[in-house]
Structure formats: structure tokens, C-alpha cells
Amino acid sequence: MSHVMNTYARQNFALSHGEGAWLWDTEGKRYLDALSGIAVNTLGHQHPRLVRALEDQVRKLIHSSNLYKVPLQEELADKLSALSGMDTVFFCNSGLEANEAALKIARKYGHERGIQRPEVIVYEKAFHGRSIATLSATGNEKVQKGFEPLVEGFVRVPLNDIHLIEYLSRTHPNISAVFLEAIQGEGGIHPAQIEYLQALRKICDEKGWLLMIDEVQCGIGRTGKWFAHQWAEIIPDVMPLAKGLGGGVPIGAVVAKGAAATVLGPGNHGSTFGGNPLAMRAALEVLAVMQEDNLLDNARECGDIICKGLSQALAGVNGLVQIRGRGLMIGIELDRPCGALVEMARQAGLLINVTGEKVLRLLPPLIFTSSQAQQLVQILSPLIIRFLTASSGVNAA
Ligand SMILES: *Cc1c(COP(=O)(O)O)cnc(C)c1O
């Protein structure tokens, strides 16, 4: 019996090593990586520059402590502020921790404005993590079930309904923040509309609410901009980051602007591991490579090849609902649960994922090449057609 707690429905194979966008399992089978460990391995695997930076840092200092100054934190905070147009950064170690910090900012900000019981607007199909507070903010009953009582102070709404937000702005005096993903990841690649984000920004400004955009999955170049909300040409007040930031080294960060940037002071928040030199060095190198190698442009170009290729190959196929996303964050929605496609793809040498039961999710590393993008289309499209044809009798009825 395994002594690892049984919290994941794992596939029955293990990866041994990788190079670029390729991975090998412990049996020697090779895979094209179209998932990046769920949007984590931004530079693919064994990127020579990341390897060198980490080797160098390990020889110097892995961990010091937030009892002391950490110059690499200063450097990375400067960089993230410049890229986002925001002001300050708190460093932690994961997505849920970044979101937890965001929620603490929203609460304390509310209290400072005289709201005794601050509330945060959250969304159906949202995913913000699995701590007690972030699972309460998450819009998925499966994530919440068994962990009640949930944290209170959340008002839940459907995505992209601005009239409802306007209504809440008139009827709910205790709201201190709106909290959403620019593109919902776990919920099935559902983008917040550009106009919706812009309208939210306006209402938040008028009401003095914080606009908090969870970029844990869609941030760090994945959509072809540094942060997905930048497609709407707005700036949030609070932005949690994690997944892709460390290129595989665990890291989280919450970036804040204006009033939100100074809500947390000494004694209000902290993390033992947060901001350790190893993670800081990893993130600095990831961002430097992204910039020097134009990986934002690459994400857009490869994303276009994949979306156009799939649209052509799957045109008129019965059972395809929609192909959507931006850059290298792509969802292919089918009209039926399609978890079986994950194993079909694996056998064909391709790693993908299914989320929201009916949505194939593609999150290739940002170092993907155009020929790998074409390869992905060539492997995946016939599998989708085969899957839909084979299961059509089941569902057509
Ligand atoms: C993955 C994810 C999280 C949680 O991140 P963890 O590092 O697993 O805690 C939070 N928000 C979004 C949008 C995510 O995709």
C-alpha cells in the first residue's frame, strides 16, 4: 500500500526527465508536453539558462530568512512592478497563498474604510485554491464539499453579467473587492470579456472597491501579454501570481497598487519560505529569458497555429462545441465528458488535460516552436474525431 495520501486521481505512469517541450517517462516513452505541469514549466524542461541560474544560486544561498533583507526580493519586486504598472509585492510559495494574501488585503482594506464585515464578490466556476478561505471563494461545490462551514463574506455571481455587478453596487454597502480570474482556468477556459473587465474597473473606481485579478494560471506571458488583464488595457489593484513565475520552482506573489499596496504592514502577514533566494533567482531568470527570447510573441504565434489548425481539422465535426482561449491557454469544449481523451493522447505521445469535465485544456510551455504547435494539431485532431465518433451512439440518444 502506498504511504502517499490518496488525494489525486493519478494516471498510471511517472515522468523521469525532460528537455525543451519533450518529456520521457520511466519506461522511456517520449511525450510532447502540451500541459507544462499545469502552466508551470514556462521555459519547458531543463532550460539551460534556468539550470545555470539555479546551480549558481544553490552554491550561494537557498534560504536566508525574512528576518533579514533579501536583495533578490527587491530585484524581482522591481521587475514585477515594472511589468504590471503596480507598486508592491508580497512573496509566498503557491497560488492559494497568493490568493489568501489578496483576501486578507480585501478584508483589512474594508475595515480601514469602516466596513465591519467586508464582502468580496466572487464567481461561478472560479478556482482560487484549496485552503479553507480560497476553497470558499472557489465556485465549485466539489471542491467545497465536506469542508463546511465555509468562510463567509463572499457574494457569488456569474461571469460577464455587468448588470448584476451594477445592482450589487447599489444594494450591497459592505463590498470591499471584486475577485476574479481574467480567464478561468480550472473552470474550463472561460475568459472574462474585455468590456466586462473594463466596466468592472470603472465600477471599482467609483465605489472604492479593489479589483483583484487572479493571474495564477493565465499570467506570466501565457496569453501573449505579461498578464491576461492587459488585453483589456486596465490595471488591477491586486494581482495574485504563482504557477508559471518560477519555471517549476515553487513561488507565489501578490502584486498590489495604490491604496492596496500599503494595506498590509509589519505583523499583518508573513511566510517562512516566501521570497527565498532560490525561488527569487528562478523567477528573475524566467522573466529575463521570456523578455530576451520574445516568448510573449511566441505564445501568440503558436497559439494561433494551434487554434487555426484545430478549427480547420475539426470544422463541422459533430460534438465540438467551441475552441477558445488566448495565446497558449486553449480550451476545446466538447458536448460530452471527455476524460478518456487524456489517456488516448498519452498513448499517442501527447500530454494534455481535461477540466470542467468537457473541456480539453492545452497549456504548452512558452518555448513551444511552430513545428511543435503543428505536431500538436496533427496528433490531437484525429484523436478528438475518433473519440467523438466512437462515443456518438452513447450521447446522441
Ligand atoms: C492553480 C490555481 C490556484 C491555486 O494554486 P496552488 O499553487 O495550487 O495553490 C489558484 N488560482 C488559480 C486561477 C489557479 O489556476
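Scanning region 38-90 for residues that are aliphatic (A, V, I, L, M), farther than 29 Å from residue 330 by Cα and exposed (fewer than 12 other Cβ atoms within 10 Å of the Cβ) yields a single hit, 67.
Among the residues in region 300-309, are any closer than 19 Å to residue 37 by Cα, under 19 Å from the mean Cα position of the chain (by Cα), outside any loop (DSSP other than H, G, I, E, B) and touching a residue at least 40 places away in the same chain (Cβ under 8 Å)? Yes, that holds for at least one residue.
Pairs are defined by a Cβ separation below 9 Å, a sequence spacing of at least 6 or placement on different chains, a first member in region 76-98 that is touching a residue at least 60 places away in the same chain (Cβ under 8 Å), and a second member that is of a type in the set (Lys, Arg) and more than 16 Å from the ligand (Cβ to nearest atom); the pairs so defined are 76/281; 81/257; 84/257; 85/257; 86/257; 87/257; 88/257. Cβ-Cβ distances below 8 Å connect the following pairs, each with a first residue in region 31-53 that is more than 20 Å from residue 370 (Cα to Cα), a second residue that is more than 14 Å from the ligand (Cβ to nearest atom) and β-branched (Val, Ile, Thr), and a separation of six or more residues or different chains: 49/289; 50/286; 50/289. As a summary of the residue check, residue 382 satisfies the conditions (1) touching a helix residue (DSSP H, G or I) at 6+ places or on another chain (Cβ under 9 Å); (2) modelled with pLDDT under 95 except for the one numbered (2). Among the residues of region 201-237, those that are hydrophobic (A, V, I, L, M, F, W, C) and buried (at least 24 other Cβ atoms within 10 Å of the Cβ) comprise 209, 210, 211, 212, 213, 216, 218, 220, 227, 228. One residue stands out among those in region 218-230 that are touching a Leu at 6+ places or on another chain (Cβ under 8 Å) and on the phi < 0 side of the Ramachandran plot: the one that is nearest to the ligand (Cβ to nearest atom), which is 219.
Taken over region 96-122, the criterion of being in contact with a Ser or Thr (Cβ under 8 Å, 6 or more places away or on another chain) and either closer than 26 Å to residue 291 by Cβ or not in a strand (DSSP E or B) (or both) is satisfied by 96, 97, 99, 100, 103, 106, 107, 109, 110, 113, 115, 118. Restricting attention to region 117-131, which residues are out of contact with any Lys or Arg (no Cβ under 7 Å at 6 or more places or on another chain) and more than 13 Å from the ligand (Cβ to nearest atom)? Within region 117-131, 117, 119, 120, 121 qualify.
Residues of region 236-254 that are among the β-branched types (Val, Ile, Thr) and either in contact with a Lys or Arg (Cβ under 6 Å, 6 or more places away or on another chain) or within 17 Å of residue 282 (Cβ to Cβ) (or both): 249, 251. Which of the residues that make up region 133-150 are touching a residue at least 12 places away in the same chain (Cβ under 8 Å) and surrounded by 14 or more Cβ atoms within 10 Å (Cβ to Cβ)? Hits for region 133-150 are 133, 134, 135, 136, 137, 138, 139, 140, 143, 150. Residues in region 166-200 that are more than 16 Å from the ligand (Cβ to nearest atom) and surrounded by 22 or more Cβ atoms within 10 Å (Cβ to Cβ): 175, 176, 200.
A Cβ distance below 6 Å, combined with a sequence gap of six or more or placement on separate chains, defines the contacts here; from region 210-231, residues that are over 19 Å from residue 128 (Cβ atoms) reach residues that are surrounded by 24 or more Cβ atoms within 10 Å (Cβ to Cβ) in the pairs 221/295; 221/299; 221/366; 224/299; 224/327.
The values are calculated or read from the model by the stated rules, or taken from the named source; none is laboratory data. From a predicted model like this one, the values you see are computed outputs, not experimental measurements. Ideal geometry is used to build each Cβ from the backbone, glycine not excepted, and the neighbour counts take in all protein chains shown.
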